[in-house]
Amino acid sequence: MLIKQIRINNFRNIEALDITPDSSVNLIYGPNGCGKTSFLEAISCLAMGRSFRNAKNTNLIKSGEPCYTLTAKIEQDNSTLVDHIGLLRSKNRSDPVKININGHKTARLLDIIDKISLQIIHPQGTDLISGGPSERRGYLDWGVYYSQTEFKQKWLVYRRLLEQRNALLKNKQQPFIPQQFDVWDDMLAELSEEITKMRNNYLADLLPELERLTTAFLPDIKLNFYLSQGWEKGLKLRDLLSLNLEKDRVLGYTFYGCHRADLKVKANSFPAGETLSRGQIKLLICAMKLSQGTVLYKKTGKRCIYLVDDLNSELDQHSRELLLNEILSSKNQLFITNITDDIQLPAGESSLRFNIKDSLIPAQQ
């Protein structure tokens with residue numbers, strides 16, 4: 001897929017910006033504080049409904065303005081179809097997000113996530129390795145979501161069931177009757193097994209690419225990846241839910257299930273987050289994100305869009321070349337930021353280079 005056009009209004013320090021991107025490389029450069037990262041952040045909000053820097057939505061609105069608006073034209077792969085997407089967020093927290101897709105209004109963020117698949121590499125993204133299980137679980141589920149169409153519905157149903165079971169566990173106003181959990185536990189266990197199978201199938205497709213790219217980026221380190229499914233392997237989840245019901249009631253939440261899964265990453269047999277340097281973690285993340293783009297195309301024929309913030313941060317020239325060559329060889333659209341425009345691109349690649357400070361549309365007088 002390609003972003004054919006994007007318009008940004010009142011987002012962070014960007015008052016107005018209208019860009020027609022190149023289908024290959026888009027280099028956004030300029031001095032610190034001029035809006036380079038904000039531009040990438042706006043794309044992430046349009047594609048995922050949230051900032052990749054985990055900023056509060058109200059903090060993304062330009063000071064003194066009531067809302068921000070983002071609009072884009074997205075060309076889908078192997079098609080002449082162009083989706084017109086718009087998103088508006090208000091400073092008033094009681095106002096829901098407003099989304100418009102091809103003239104149809106919706107408030108479901110999943111509707112825009114379905115339209116744009118995005119991969120982001122940025123200096124603060126080391127939580128994928130150093131952070132908690134939710135980061136790595138989200139990484140894995142990104143690939144399952146876009147490659148296995150039935151995953152979305154199963155995961156949505158699972159989340160609703162989990163919320164209902166947890167609410168029942170926390171309810172101290174009603175008598176505690178273990179039998180009333182039977183129906184929830186039956187459904188949770190069944191869906192958890194199905195979701196885990198999807199994750200394992202996806203990981204099996206991903207591992208060859210992970211091995212190829214981690215070897216290229218970190219040739220002296222042996223990396224291993226495996227899924228910790230959220231309960232002890234070899235045991236039946238349905239039995240664990242029953243046996244640990246009293247424990248769950250004390251905790252106030254469901255301890256076992258696929259919502260507790262983790263993608264374990266080992267470097268030379270030790271946890272990668274505890275043994276690798278920050279620079280090595282950045283290289284590992286590059287390999288992991290690139291692997292997903294390759295598998296997405298092989299499985300579905302779809303390409304994703306890459307955002308790379310501060311290309312030179314913690315990457316030497318060889319690593320930068322590996323990253324750029326891998327992204328562009330797969331014909332993925334790329335947006336990168338840098339202080340200057342002196343990025344060396346692979347020979348023959350088309351590009352749009354713009355100084356974002358000079359590209360901002362001045363306010364109307």
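The values are calculated or read from the model by the stated rules, or taken from the named source; none is laboratory data. Note that the structure is predicted; figures quoted are calculated from it, not measured. All Cβ positions, glycine included, derive from the backbone under ideal geometry; neighbour counts span all protein chains shown. Protein only, heavy atoms only, side chains kept; ligands, DNA and RNA dropped before computing areas. Shrake-Rupley method; radii C 1.70, N 1.55, O 1.52, S 1.80 Å.
For the range 271-359, what does the alpha-carbon gyration tensor say about shape, rounded, prolate or oblate, given a ≥ b ≥ c as the root eigenvalues, a/c under 1.5 as rounded, and a/b over b/c as prolate?
Details: a/c = 1.97, a/b = 1.14, b/c = 1.73.
Oblate shape, in that a/c is at least 1.5 and b/c is the bigger or equal ratio.
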At 1.4 Å probe size, with every protein chain present, just tell me what the per residue accessible area of the chain comes to in Å².
-> 48 Å²
Taking the chain as the reference, fit the longest principal axis to its C-alpha atoms, fit the long axis of helix 317-329 to the helix C-alpha atoms, and give the angle between the two in degrees, 0 to 90, nearest 10.
-> 80 degrees
Please arrange D18, D316 by accessible surface area, largest first, computed with a 1.4 Å probe and ligands excluded.
-> D316, D18
Amide H proximity to F11 below 5 Å, modelled H, separation 5+ or other chain, gives K62
Shape call, the range 125-250: gyration tensor on alpha carbons, a/c limit 1.5 | prolate
Placed amide H near I305: partners under 5 Å, 5+ positions off or other chain = S117, L118, Q119
Taking the chain as a Gaussian network, where each spring joins two C-alpha atoms under 10 Å apart, which residue of L345, L210, L251 fluctuates the most?
-> L251
State the percentage of accessible surface on the chain attributable to carbon and sulfur atoms; use a 1.4 Å probe and exclude ligands, DNA and RNA.
-> 49 percent
For K98, which aspartates and glutamates qualify as cross-link partners when the Cα separation must be under 13 Å and same-chain residues fewer than eight apart are set aside?
-> D111
Please work out how much accessible surface V250 shows to a 1.4 Å probe, ignoring ligands, DNA and RNA, in Å² rounded to 10.
-> 120 Å²
GNM, the chain, Cα, under 10 Å: largest mean-square fluctuation among K233, K152, K289?
-> K233
Residue with peak Gaussian network fluctuation, the chain [Cα springs, cutoff 10 Å], from M48, M187, M288 = M187
Mind ranking 84-96, 220-232 by how tightly packed they are, going by the mean number of other C-beta atoms within 10 angstrom, highest first?
-> 220-232, 84-96
